[in-house]
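Here is the structure we will look at.
The values are calculated or read from the model by the stated rules, or taken from the named source; none is laboratory data. Bear in mind the structure is a predicted one, so any value in this text is a computation, not a measurement. Cβ: placed from backbone, ideal geometry, glycine included. Neighbour counts: every protein chain shown.
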Amino acid sequence: MNFAQEIRSNTLILRISGDLIGEDKDTRLVEAVNEAVSHQVLTCIIDISALRYINSSGIGVLITLLTKFRNKGGEVYLMNPSESVKKLLAITKLNAIFQVIRNEEEVITGTRK
């Protein structure tokens, strides 16, 4: 798993690629979120369009990120999941917990439907 991060319009944007399987290096995602939340960033967009595979531990990482933001009154959005990840979100009913978006502008400009 690799990821890049940026903060734009007081929104943390994480771009994840590869496999999210709960490896030790996945803790860097949690550290990035902790840092952002400590600076009052309360919105996070996670671009998972380049995510090839996610297992139950990876889902646990996403839930951890969501919990950290929601505990501070924030929100997490998943952007452009692949068809296989969409199916996984539906099977696990996490599509009812995570908000799924098509692009960053839906959140940043407030045009989300």
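Just one of the listed residues (Ser82, Ser56, Ser9) is surrounded by fewer than 17 Cβ atoms within 10 Å (Cβ to Cβ), in contact with a Leu (Cβ under 9 Å, 6 or more places away or on another chain) and not charged (D, E, K, R), namely Ser82. Scanning segment 67-83 for residues that are in contact (Cβ under 8 Å) with a residue 24 or more places away in the chain and either on the phi < 0 side of the Ramachandran plot or aliphatic (A, V, I, L, M) (or both) gives Lys68, Phe69, Lys72, Gly74, Glu75, Val76, Tyr77, Leu78, Met79, Pro81, Ser82. At least 2 residues being under 16 Å from Asn10 (Cα atoms) is the threshold, and among the helices (runs of 4 or more DSSP H) wholly inside segment 21-107 those reaching it are 27-38, 56-71. Does segment 24-41 contain at least one residue that is modelled with pLDDT under 90 and exposed (fewer than 12 other Cβ atoms within 10 Å of the Cβ)? Yes, some residue in segment 24-41 is modelled with pLDDT under 90 and exposed (fewer than 12 other Cβ atoms within 10 Å of the Cβ).
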